[in-house]
1. In the chain, with Lys and Arg counted as +1 and Asp and Glu as -1 at Cβ, which of these residues, Gly211, Pro282, Leu390, has the Cα nearest the positive end of the dipole, that is, farthest along it?
2. Please get the size of the charge dipole for the range 287-362, origin at its Cα centre, with Cβ charges of +1 on Lys and Arg and -1 on Asp and Glu, quoted in debye to the nearest 20.
3. Apply the a/c threshold of 1.5 to the C-alpha gyration tensor of the range 248-291 and tell me whether it is rounded, prolate or oblate.
4. Assign one of three labels to the range 139-283, namely rounded, prolate or oblate, based on the Cα gyration tensor with a ≥ b ≥ c the square roots of its eigenvalues; rounded applies when a/c is under 1.5, prolate when it is not and a/b is larger than b/c, and oblate otherwise.
5. About the Cα centre of the chain, what is the dipole size in debye to 20, counting +1 per Lys and Arg Cβ and -1 per Asp and Glu Cβ, all else neutral?
6. When a/c reaches 1.5 or more, the comparison of a/b and b/c decides; with that in mind, is the range 246-391 rounded, prolate or oblate per its Cα gyration tensor?
7. Multiplying the sequence separation of Val323 and Gln358 by 0.36 nm and subtracting their Cα-Cα distance, what value in nm do you get?
8. Could you please rank Met205, Met377, placing first whichever residue has the fewest other Cβ atoms within 10 Å of its Cβ?
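Nothing in this text is a laboratory measurement; each read-out follows from the coordinates by a stated rule. Predicted, not measured: the structure shown is a model, and the values here were computed from it. Methodologically, a virtual Cβ is constructed for each residue, glycine included, from the backbone with ideal geometry; neighbour enumeration extends over all protein chains shown.
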Amino acid sequence: MTPAGVVAVVFLLLALYCGTDPFKHSAISDFPDFETYRIELPDWSLVPADRDHENMLQKSEIKFLNQVQGPESIAFDPLGRGPYTGVADGRVLFWDGHSWTDFAYTSPIRSEICDPKPSPRSYLKNEHVCGRPLGLRFHKKTGDLYIADAYFGILKVGPEGGLATPLTTEAEGVPFRFTNDLDIDEEGNVYFTDSSTKYQRRNFMQSLFSGEDSGRVLKYNPTTKETTVLMRNLHFPNGVSLSKDGSFFVFCDGPTGRLRQYWLKGEKAGTSEVLAILPGFPDNVRTNEKGEFWVAIFCRRTTFNYVSGIYPKLRKFLLKLPVPARILYSLLTGGKLHAAVVKYSPEGKLLQILEDSQGKVVKAISEVEEKDGKLWMGSVLLPCIAVYDLP
């Protein structure tokens, strides 16, 4: 047989294997209804190529190593105390200046399965029992802490902490399945994201593999107790942050790599538009005192994840190979951990980018909180918090 014939036979057998998945070793074998969809990405020429060639994030200090597991969100209370952070075992912890103490929790059915484990990933299969607090925000007037828990919806706990009280768990009769982040305006209205109505957070890789667009951006009104869907049919919407003047909020449009703004006031109220094209996959976004937006970038856009995004059949073919989900996830999101944060003006102008492209010090970032000349950076993947001193 000629070399070309051998290649053809190998390709045929591989295609047959992927088409049938006989041994159920693929990343999607447990999801019989799994399907892939085209992700509407911005033109490649619009993706920012700016880089931090000095890798300034390598100057960061790693704090609280192995004391906090998967600190996704960082918050400080109205008195400036903290940080507070939600961790992988379902608790919200408070740093009192000397040690971490329990502040709040979201699940009323916690058990021994929520006890300490060696890594943030170790809790994944039991998150639906223990809870997984993601976005955290303090109400500046009341001191109440609002929590976006991936499984228990939007909750609130008073300044003394304890078991958080659920505020909303569904909209239009559709339960939240992946509540992700939130922000609060002066009237107490909560703006938040439900990243997927199909997949829970413990199946976040399958949601991203799919490219499905069941995500929503919502509003909870504390006076009427009503929850309204502001935007729907989104690809994994994530971080949310109000502008300094409260006229709009921005949110991260995940796999599409866009920072979008939703107008709350003025003649554009109720409409949305793209504020900026991001250099990669965004996670959370936070507003600083100047009204600028810090966006945490999970990984940079690569040619491979760009092509796989716009060709869903190619992505499904890869997902049917007998390759573990975590390896394919790494491949589809850049191939290696690469920490980056990007700052934008309220008008969407790129102001600054900070990176650790080699992952030497800061391997991954989920959120950036600027306070008193420092960037506090949490990561849902890591057992620590990184702190960077701004010049």
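1. It is Gly211, whose Cα lies furthest towards the positive end.
2. About 520 debye.
3. Taking the square roots of the gyration eigenvalues as a ≥ b ≥ c, the range 248-291 is oblate.
4. Because a/c hits 1.5 or more and a/b fails to exceed b/c, the range 139-283 counts as oblate.
5. In total the dipole reaches around 940 debye.
6. In terms of gyration-tensor shape, oblate.
7. Full-extension gain reported as 10.1 nm.
8. Met205, Met377
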